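Everything below concerns the one structure shown next.
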Amino acid sequence: MSTLAIESTRQLDEPLVIAGRSFRSRLIVGTGKYRDNDTMVRAIEASGAEMVTVAVRRIDLDRTKEEGILHHLDPSKVFLLPNTAGCYTAEDAMRYARLARAAGLNDWVKLEVIGDQRTLLPDVAATLEAARVLVAEDFKVLAYTNEDVIAALRLEDAGCAAVMPLASPIGSGLGLVNPYYVREIKARLEVPVIVDAGVGTASDACVTMEQGVDGVLMNTALAEAGDPVRMARAMNLAIEAGRLAYLAGRMSRREIAVPSSPSKGMLDRSAAREPEARGGA
Amino acid sequence: MSTIAETIEIRLNGDAKRIAAGLTVAALLRELGLEPQLVVVEHNREILERSRYDATPVRAGDVLELVHFVGGG
């Protein structure tokens with residue numbers, strides 16, 4: 001008889017390790033599109049995320065009181081992952097990555113090179129080109145990509161620290177549209193696989209983690225929720241739930257019912273109606 | 001004793017801007033009310049290390065980009 005008291009997921013799971021750095025939370029959240037900074041800060045706290053993404057942009061010189069994100073987030077408390085969002089060429093993405101590193105926080109980058117404005121789907125060839133250069137410059141590259149197994153393998157070969165296939169298009173909230181390919185990517189890669197973009201609500205996050213991936217990155221699902229702080233807590237729980245369900249291993253599916261209570265020890269059945277098949281709930 | 005201060009034109013975050021001649025990057029940031037440790041400077045397409053802000057003059061025609069971290073996904 002086990003006397004193990006399960007106090008937290010930490011006892012049942014290993015930390016997420018990317019480029020030698022450990023994270024207890026498998027949820028990474030963005031910092032964009034919140035209605036205000038206070039909501040953002042509270043949502044990040046409720047999400048339990050230890051890593052958050054940020055973008056690099058021109059300072060608005062007409063409104064110098066407009067503060068950068070570092071006025072609201074303490075980089076000693078949350079690990080900041082700069083992105084190259086909005087870049088449509090390898091060259092631009094590399095420029096943004098280098099500017100981000102010059103800020104002096106770390107040498108990580110969430111590399112994204114977008115190929116199309118309508119879908120915001122990644123330009124995988126340009127992403128690969130930028131990844132190779134940035135890896136050679138000692139960046140820790142976490143590459144946003146399609147749920148394409150071959151692209152994921154190439155990005156791993158290029159030296160990316162993590163590969164981040166999408167669940168569905170950025171900001172769409174459509175959830176995980178291609179669980180089979182995401183599972184296959186996870187099965188084939190050695191580096192962590194983080195599903196990035198497209199998660200809409202807690203069940204999406206849970207189902208995504210149940211595929212066995214190492215983590216999920218989301219932004220809009222929190223920022224555009226009716227109550228971002230509650231949704232952040234829901235996502236926190238959903239990520240843990242999905243992760244533990246994956247580790248536990250689900251029961252097999254059957255197309256017929258199997259009783260949960262013993263069929264042995266039942267009283268004599270009334271003659272009125274003999275069941276066609278023995279058993280019951 | 002009034003002299004008309006000499007100014008130069010530079011390109012700052014995509015816009016033409018006239019600033020006083022003879023400023024360093026550090027002095028320009030001060031004039032703009034920016035904290036150097038929260039700003040990354042790209043000077044004529046080259047990233048300028050913070051340790052060089054004090055010693056780097058801003059010259060006519062220079063292209064400066066001042067960037068920082070903002071919310072993003």
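The values are calculated or read from the model by the stated rules, or taken from the named source; none is laboratory data. Please read these numbers as outputs of a predicted model, since none were measured by experiment. Cβ: placed from backbone, ideal geometry, glycine included. Neighbour counts: every protein chain shown. Keep in mind that these areas ignore ligands, DNA and RNA; they rest on the heavy atoms of the full protein, side chains included. Shrake-Rupley method; radii C 1.70, N 1.55, O 1.52, S 1.80 Å.
For a straight C-alpha distance cut-off of 28 angstrom, the lysines reachable from A:Lys110 (same-chain residues fewer than eight places away being disregarded) are A:Lys33, A:Lys65, A:Lys77, A:Lys140, A:Lys186. In percent, rounded to a whole number, the relative contact order of chain A is 17, using alpha-carbon pairs under 8 Å and six or more apart. Note: segment A:204-273, Cα convex hull, 188 Å³ per residue.
By how many degrees, 0 to 90 and rounded to 10, does the Cα axis of helix A:37-47 deviate from the longest principal axis of chain A? Around 40 degrees separate the two axes. Net charge dipole, the protein assembly as shown: roughly 820 debye, given to the nearest 20, about the Cα centre with Cβ charges of +1 for Lys and Arg and -1 for Asp and Glu. Among A:Leu166, A:Leu128, A:Leu16, the largest mean-square fluctuation in a Gaussian network model of chain A (Cα springs under 10 Å) belongs to A:Leu16. The mean number of Cβ atoms from other chains found within 10 Å of a Cβ in peptide B:58-71 is 6, as a whole number.
Taking 0.36 nm per residue of sequence separation and removing the Cα-Cα distance, the A:Arg188/A:Asp60 pair yields an extension gain of 41.7 nm. Taking the DSSP beta bridges with both ends in segment A:103-179, the antiparallel portion is around 10 percent. Remark: mean inter-chain Cβ contacts per residue of A:50-61 equal 6, using a 10 Å Cβ-Cβ cutoff to other protein chain atoms.
The overall shape of segment A:116-199 is oblate: from the C-alpha gyration tensor, with semi-axes ordered a ≥ b ≥ c, the ratio a/c is 1.5 or greater and a/b is no larger than b/c. The B and A chains share an interface that buries close to 2400 Å² of accessible area, total over both sides, probe 1.4 Å. Probing with 1.4 Å while keeping every protein chain in the model, the per residue accessible area of chain B equals 57 Å².
For chain A, the solvent-accessible area with a 1.4 angstrom probe is 53 square angstrom per residue. Scanning chain A for GluC sites (Glu not before Pro) in DSSP loops with at most 10 neighbouring Cβ atoms within 10 Å leaves A:8-189 as the longest stretch between them. Based on DSSP loop calls and a cut-off of at most 13 other Cβ atoms within 10 Å, the longest stretch of chain B free of exposed GluC sites (Glu not before Pro) is what? The longest such stretch corresponds to B:7-48.
For segment B:7-68, carbon and sulfur atoms together expose 47% of the accessible surface, with a 1.4 angstrom probe and every protein chain in place. Placing A:Val17, A:Val78 in order of accessible area, with the largest value first and a 1.4 Å probe, yields A:Val17, A:Val78. The dipole here belongs to chain B: it is taken about the Cα centre, uses +1 on the Cβ of Lys and Arg and -1 on the Cβ of Asp and Glu, and is about 40 debye. In segment A:1-158, taking the dipole from charged Cβ atoms about the Cα centre, the farthest positive-side position among A:Ile18, A:Tyr34, A:Val54 is held by A:Tyr34. Our estimate of slack between B:Arg59 and B:Glu31, defined as 0.36 nm per intervening residue step minus the Cα-Cα distance, is 8.5 nm. Spin-label model, B:Glu46/A:Asp157: points 7 Å from Cα along the beta carbon direction are separated by 3.7 nm. When DSSP beta bridges are restricted to pairs lying wholly in segment A:3-279, around 15% turn out antiparallel.
With contributions of -39500 (n - 2.57) from each DSSP H run of at least four residues, the per-residue ellipticity at 222 nm computed over the protein assembly as shown stands at -8000 deg cm²/dmol. Within the listed set A:Val191, A:Val182, A:Val41, the residue fluctuating most in the Gaussian network model of chain A (springs between alpha-carbon atoms under 10 angstrom) is A:Val41.
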